[in-house]
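Have a look at the structure below, then the notes.
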Amino acid sequence: MPLKVGDIITFERTFTKRDVELFTEISGDEGIHHITPDEQGRLVVQGLLTATLPTKVGGDANVLARTMNFEFLRPVFTGDTISCEVTIDKYEEQDRNRMAIAATFLCTNQNEKQVLRGNFAGVILS
């Protein structure tokens, strides 16, 4: 995936009850809000499960992350569709075999409410 500063990459996902169940099993994050539905039948999606959206974009670009910062702004529920917009802030050759990359991201729900923002930095080996 060729990148340049200013590129914006988006990814969208709708979280399901099964996603939360699997992540609960894998992570051990069994907070009551992740396993007991609310009055509308929804579970709260784990923050780190929500954070897989920007990491998916980084993975598509073969980023080896060195730092990742997340600010969780509001809960995400099963059935929510989250759109993640990643903006490339830095993309430059570090040496012959690696590119340095830095990006910011913003995730919003289907109601255009911000749910997660942050940034990551790392390298891409060539």
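Taking a 1.4 Å probe, which of ASP80, ASP29 shows the most accessible area, and what order do the others take after it? Numbers along the way, then the final one.
On the way: ASP80 15, ASP29 60 Å².
Listed by decreasing accessible area, they come as ASP29, ASP80.
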Fill in: Rounded to whole Hz, the Karplus (6.51, -1.76, 1.60) HN-Hα couplings of the stretch 75-91, x for glycine and proline
x, 10, 10, 4, x, 6, 9, 10, 9, 10, 10, 10, 10, 7, 9, 8, 7
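Report the rotationally averaged projected area of the stretch 35-126 based on its alpha-carbon convex hull, in square nanometres. Intermediate results must be reported in sequence, preceding the final value.
Values: hull surface 25.2 nm².
For the Cα atoms of the stretch 35-126, the hull's average projected area reads 6.3 nm².
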Worksheet item: Does anything in the stretch 10-37 have its amide N under 11 Å from the 7 Å Cα→Cβ label point of ASN62, and if so which residues?
Response: none
Item to complete: Taking H placed 1.01 Å from N in the peptide plane, check which residues at least 5 places from THR81 or on another chain put their amide H under 5 Å from its amide H.
Response: GLN110
Response to the item:
Residue by residue through the stretch 6-14, the couplings from Karplus 6.51 cos²θ - 1.76 cosθ + 1.60 with θ = phi - 60°, in Hz, x for Gly and Pro, are x, 4, 10, 10, 10, 8, 10, 8, 9
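The values are calculated or read from the model by the stated rules, or taken from the named source; none is laboratory data. These numbers come from a predicted model, not from an experiment. No Cβ is skipped: glycine too gets one built from the backbone with ideal geometry, and neighbour counts run over all protein chains shown. Ligands, DNA and RNA are excluded from the accessible area calculation, which covers all protein heavy atoms including side chains. Shrake-Rupley method; radii C 1.70, N 1.55, O 1.52, S 1.80 Å.
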